[in-house]
Amino acid sequence: MHIAFLGINYWPDETGIAPFTTGRCEYLASRGHRVTIFTGFPYYPEWRIPERYRRQVLNREEKNGVEILRSWLYVPSQVNAPRRILHEASFVASSVIRAVARGVKHRPDLLVVTTPPLALCLSAIVLSRLWKIPFIQHVPDLQPDAARDLGMLRPGRLMNLLYRIERLGYRKAALVSTLTEAMREKILSKGIGPEKVTLFSDWARSELFQVPVAGGSELRRSLGLGDELLAVHAGNMGIKQGLEVILGAAEKSRHDRSIKYLLVGDGSVREQLKRRAKSAGLENLIFVPLLPDGRFIDLLAASDISLVTQQKSVADIVFPSKVITLMSSARAIIASVSPGSEVARVLNEADGGVVVAPEDPDALLSAILALRDDPERRTRLGANARTFAQRFWEKQRTLSMLESHLLRVAAGGKSSTMIKTAALSEALIANSEEGRQ
């Protein structure tokens, strides 16, 4: 089967949606499918295109059996709402033109579109009709709800337009997928039938289950650190993360030499946070750039406490993939999130972390101090988190279920051979599940 993917982020972007889109494409290619991804040039989370890709309009690459077709997109150096809209619109326009041109001689059997950008569902509708194939819309982020809840867009014509586009995409898609049950319920609440909405979960990389409970001494030395308790936030530094709460906790504990805070990664608010930390003289807070994979594993081993933060308005509209990473690596987690969020639900169900009120530096600091003084509890929480991750986010199981769904959608109206292949795939997954019980 020839499967086309359409999404703005792909390898070599290392965080956010990109690693999972890449993993899905490469898995399907390894299963013998022909896979093409229409994507943009890498830029995330630094919001900067690497030198090797600059001054290009189109680019073709191949990696691990996947044909990668890149098209131009505008990448602003400073991100705000108008520039983000232009950024997304530039990719929507360039990618659909390239896909249309490519599809003249290489029409796929199935299209999988990842939104955001939300307007890509309009591209999927156009391509689906042009190629006379079904499309699946994968929704790792409920963009209109996020823009509304975070105050990025005010109620009005633009917001109403986004919701109309969202509903149209859901109606026209053969299948809608998302990451968590809470996000699925949110989509169902928009009037979409339950038989049409499923879960394509992210997964845990197998090497994360091998991260030692204690380690990372070399990384500590390279950062000039000793045996201080390390409270680490790693990942995107954007508006949704509400990272000011960590700066607040660092400011309140600035004279406690037993604790160091690390903010690791990049994103649209990184420089703003650095300026605030410098102005406040926070010597107990260190900014570390995005780390290569091997160094990131060392960082996980060196971390005593992992921090997950969200603005209080963020609840069931997102589920950060870093939660899977941190739980798989047996880190004790403190989550400064809404008690009704999916992050809180997962951590409470797993007994794998501590949930505190969002945007409350005092609550965050109190939890950090409690875990600092109770290393046995830190170890227990980390072990529980890893057990939960092994149960629910094992990569092979997750991707096998993905392939089964794709085969079933593509089989609609197709040959009996494809239908039998889909049925066989589902039977194999069912047998595998029975063997694990």
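Quick rundown of the values:
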| item | result |
| --- | --- |
| Leading residue by the ranking (nearest to ALA250 (Cα to Cα)) among those in the range 350-372 that are of a type in the set (D, E, K, R) and over 26 Å from the mean Cα position of the chain (by Cα) | ASP362 |
| Some residue of the range 220-234 being in contact with a Leu (Cβ under 7 Å, 6 or more places away or on another chain), buried (at least 18 other Cβ atoms within 10 Å of the Cβ), assigned by TED's automatic domain parsing to the domain that holds ASP298 and part of a helix (DSSP H, G or I) | no |
| Spans of helices (runs of 4 or more DSSP H) in the range 238-308 with at least 3 residues more than 25 Å from ARG48 (Cα to Cα) | 244-252, 293-302 |
| The range 179-219, residues that are over 27 Å from VAL113 (Cβ atoms) and outside any loop (DSSP other than H, G, I, E, B) | SER206, GLU207, LEU208, PHE209, GLN210, SER217, GLU218, LEU219 |
| Contacts under 6 angstrom Cβ, first residue in the range 335-357 being outside the structural domain of ASP145 (by TED's automatic domain parsing), partner among the aromatic types (Phe, Trp, Tyr) and surrounded by 15 or more Cβ atoms within 10 Å (Cβ to Cβ), 6 or more apart | GLU342/PHE319; ALA350/PHE388; GLY352/PHE388 |
| TRP72 being assigned by TED's automatic domain parsing to the domain that holds PRO144 and at positive phi | no |
| Test: residue in the range 70-93 that is within 18 Å of LYS172 (Cβ to Cβ) and under 22 Å from the mean Cα position of the chain (by Cα) | yes |
| Some residue of the range 126-140 being charged (D, E, K, R), surrounded by 15 or more Cβ atoms within 10 Å (Cβ to Cβ) and either out of contact with any His (no Cβ under 7 Å at 6 or more places or on another chain) or in a helix (DSSP H, G or I) (or both) | no |
| Residue satisfying all of: in the range 373-389; surrounded by 14 or more Cβ atoms within 10 Å (Cβ to Cβ) and farther than 13 Å from SER306 by Cα; nearest to the chain's Cα centre (by Cα) among these | ALA389 |
| Residues satisfying the stated conditions in the range 173-197, i.e. within 18 Å of LEU111 (Cα to Cα) and either surrounded by fewer than 17 Cβ atoms within 10 Å (Cβ to Cβ) or among the hydrophobic types (A, V, I, L, M, F, W, C) (or both) | ALA173, ALA174, LEU175, VAL176, LYS196, VAL197 |
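The values are calculated or read from the model by the stated rules, or taken from the named source; none is laboratory data. No experiment lies behind these values; they were computed from the predicted model shown. Counting neighbours? That spans all protein chains shown, and the Cβs are built from the backbone with ideal geometry, glycine included.
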